[in-house]
Amino acid sequence: MRDAHYRDGYVPFPDADAARYRAAGIWQGRSLGELLRDAARRRGPALALVGDAQPFTYAQLDQAADRMAAGLRARGLAVGDRVVVQLPNGPDFVVVLFGLVRAGAIPVLTLPAHRSAEITHLAALSGAVGYVIADRAAGFDYRDLAVQVQEAAPAVRHVLVLGEPGPFEALAEVPCDLNDADPEQALPELDPSDIALMLVSGGTTGLPKLIARTHDDYHYNARASAAVCGLGETDVYLATLPVAHNFPLACPGILGTLAAGGAVAFTADPSPETAFAVIERHRVTVTAVVPPLAQLWCAAVDWEPADLSSLRLLQVGGARLAEANAREVEPRLGARLQQVFGMAEGLLNYTGLDDPEELVVATQGKPLSPADCVRVVDADGADVAPGAEGELITKGPYTISGYYRAAEHNARAFTPDGWYRSGDLVRRLPTGHLIVSGRVKDVINRGGENVSCDELEEHLLAYPGIRHAAAVGLPDESLGEKVCAALVVDDAMPTLREVKAFLADRGLAGYKHPDLLRPLSELPTTAVGKIDRRALAATLT
Ligand code: OOB
């Protein structure tokens, strides 16, 4: 039976827009389960997932997903049921994802780094009935976490464990044969405009929000992203960022690679030592990283011997990539750079494979879809002059119209006519390429003057020997806020005087210079590896 309550608190695409996306062929009425089915029809015996332990051909993956779906249905999982998934990178994640989706259940994709505060909140908010975990990973026992989650969110009836199940059920026990004769067990027919999965918002303020993505919109997201990256059957994509994140999942990531008939390799450890070995062994052609990783990989070619010659494209996104670092990618790694400015809420921007070098190193790309609508607005919501800085607001065929079950927050995060307020400050070039210049809120108010954290960091990173830099505002009696620069340096820490002289030489206004420097051995990062300014400010105050 169909429980439609899961749609309570879901904000659908406006009907008129949906009709346009369908008429334009952007939405093709295919479910995510069919994405794999279609690929398996074309690519049956070809490798879909490579891995030393557990390679899958397309035919095998297709069958494994069906068997997982059948087993989940046999356990009473119904269309629309939410299931929190927290698995490390690997083929099992893909089998579980497609198994749930084909059963009509809605995976809520959480990161391995999430802990009880986040998982309990997300389980309760989504009304989850299930939780899929690994036994242990990176020294952490997820079964202990599951006990806590079940206590706090008793609706979570099923806990399925990859590996040793402890008091729960082993994931390996779930799959069973499809029995078409038994209508209760046959796979349900799904409405492609319905919710396929839920992503978790990447915001570093407040508790995470749920982002419900439909089959139609996410299928397009993956397909169009694969096209813009020129993905084909000979490509091997390496999933090295946590696969629950939109970037490695569907931009083009796992889903885009499968839609294009390529193969996916995995590693849960993005260190150069591990990732380079996987690239060499599986002749990886494309992968996606966040800027701090791109920087590390560029440096690591000096000490980590590996044959990276198969790598043709390195996607970098998730946070701003400093131009100096962008220029290093191609010479050091021998792969073309693609900047990706995206968000779990939808809108994706890519630099093109044929874009001139200057656009690739200095911009964060342009919108993926001809149907993406982007405006750059001032604090009053009026469009700024062409080329001027303002907040990016957007709507389009794969951008949500509201967070799931978050009416109050939606009133602020979306305009009354349904545009998503990204909170990102951008400038738009005549080519349509966007330059991200900061966050509306990542501004330090120093005695009434605004200092953009991103702008200052970009200048600091140009200082020889400064490896990472993060600017934060610290409370100050006379100024309100003063500018603190946390620095990770290669050798000796520069003095404040030296840094100020350097910034003055670069023509940066004096009020934007740091008031103090703090040496750190590393900067705190979020679950996907972006620099976490909020955590940093908390440690420095
Ligand atoms: C990706 O998604 P989220 O949801 O983790 O974070 C989105 C936010 C953006 O609003 C922006 O503030 C920042 O992360 N961001 C960038 C950026 N890419 C994302 N800021 C500057 N430059 C970039 N290239 O991070 C995400 C989702 C899909 C693909 C790629 C990244």
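From the set of residues in region 252-266 that are open to solvent by less than 10 Å² (accessible area, probe 1.4 Å) and part of a loop (DSSP other than H, G, I, E, B), which is nearest to Ala196 (Cα to Cα)?
The selected residue is Pro252.
From (1) open to solvent by 20 Å² or more (accessible area, probe 1.4 Å); (2) over 23 Å from Ala263 (Cα atoms); (3) away from the ligand (no atom under 16 Å from the Cβ), pick out the condition that doesn't hold for Lys366.
The number of the failed condition is (3).
Please determine, by comparing only the residues of region 225-239 that are surrounded by fewer than 24 Cβ atoms within 10 Å (Cβ to Cβ) and assigned to a helix (DSSP H, G or I), which one is nearest to the ligand (Cβ to nearest atom).
Filtering first and then ranking leaves Val228.
Sort through Pro270, Pro242 and tell me the only one that's out of contact with any Cys (no Cβ under 9 Å at 6 or more places or on another chain), assigned to a loop (DSSP other than H, G, I, E, B), open to solvent by 20 Å² or more (accessible area, probe 1.4 Å) and within 14 Å of the ligand (Cβ to nearest atom). Don't jump to the end; show me each part of the working.
Numbers: Pro270 fails: within 14 Å of the ligand (Cβ to nearest atom).
Being out of contact with any Cys (no Cβ under 9 Å at 6 or more places or on another chain), assigned to a loop (DSSP other than H, G, I, E, B), open to solvent by 20 Å² or more (accessible area, probe 1.4 Å) and within 14 Å of the ligand (Cβ to nearest atom) holds for just one of Pro270, Pro242, which is Pro242.
I'd like the full set of residues that are in a strand (DSSP E or B) and open to solvent by less than 10 Å² (accessible area, probe 1.4 Å), limited to region 109-144.
Here is the first cut: in region 109-144, the ones in a strand (DSSP E or B) are 109, 130-134, 136-137, 140-141.
Of everything in region 109-144, those that are in a strand (DSSP E or B) and open to solvent by less than 10 Å² (accessible area, probe 1.4 Å) turn out to be Leu109, Gly130, Tyr131, Val132, Ile133, Ala134.
Please determine, by comparing only the residues of region 420-465 that are open to solvent by 10 Å² or more (accessible area, probe 1.4 Å) and of a type in the set (A, V, I, L, M, F, W, C), which one is nearest to the ligand (Cβ to nearest atom).
Ranking the qualifying residues of region 420-465, first place goes to Val436.
Given the condition more than 21 Å from the chain's Cα centre (by Cα) and either open to solvent by 30 Å² or more (accessible area, probe 1.4 Å) or within 14 Å of the ligand (Cβ to nearest atom) (or both), answer yes or no: does some residue in region 334-341 qualify?
Applying the first criterion (more than 21 Å from the chain's Cα centre (by Cα)) to region 334-341 yields 334-335.
When the remaining residues are screened for being either open to solvent by 30 Å² or more (accessible area, probe 1.4 Å) or within 14 Å of the ligand (Cβ to nearest atom) (or both), the result is 334.
So far as region 334-341 goes, yes, one or more of its residues are more than 21 Å from the chain's Cα centre (by Cα) and either open to solvent by 30 Å² or more (accessible area, probe 1.4 Å) or within 14 Å of the ligand (Cβ to nearest atom) (or both).
List the residue pairs whose Cβ atoms are under 8 Å apart, where the first residue sits in region 434-450 and is within 23 Å of Val374 (Cα to Cα) and at pLDDT 85 or above, the second is more than 10 Å from the ligand (Cβ to nearest atom) and part of a loop (DSSP other than H, G, I, E, B), and the two are 6 or more positions apart or on different chains.
The qualifying pairs are Ile435/Leu429; Ser437/Glu389.
Taking Leu456 as meeting all but one of (1) more than 30 Å from Lys500 (Cα to Cα); (2) without any contact (Cβ under 8 Å) to a residue 60 or more places away in the chain, write down the number of the exception.
Among (1) more than 30 Å from Lys500 (Cα to Cα); (2) without any contact (Cβ under 8 Å) to a residue 60 or more places away in the chain, Leu456 violates only (1).
Looking at (1) open to solvent by less than 40 Å² (accessible area, probe 1.4 Å); (2) more than 13 Å from the ligand (Cβ to nearest atom); (3) part of a helix (DSSP H, G or I), which is the one condition that is false for Ala294?
Result: Ala294 fails condition (2) only.
The values are calculated or read from the model by the stated rules, or taken from the named source; none is laboratory data. Being a predicted model, the structure only gives us computed values, none of them experimental. Virtual Cβ from ideal backbone geometry, glycine too; neighbours counted across all protein chains shown. The protein model used for the area step is the full one, side chains on, heavy atoms only, and it has no ligands, DNA or RNA in it. Shrake-Rupley method; radii C 1.70, N 1.55, O 1.52, S 1.80 Å.
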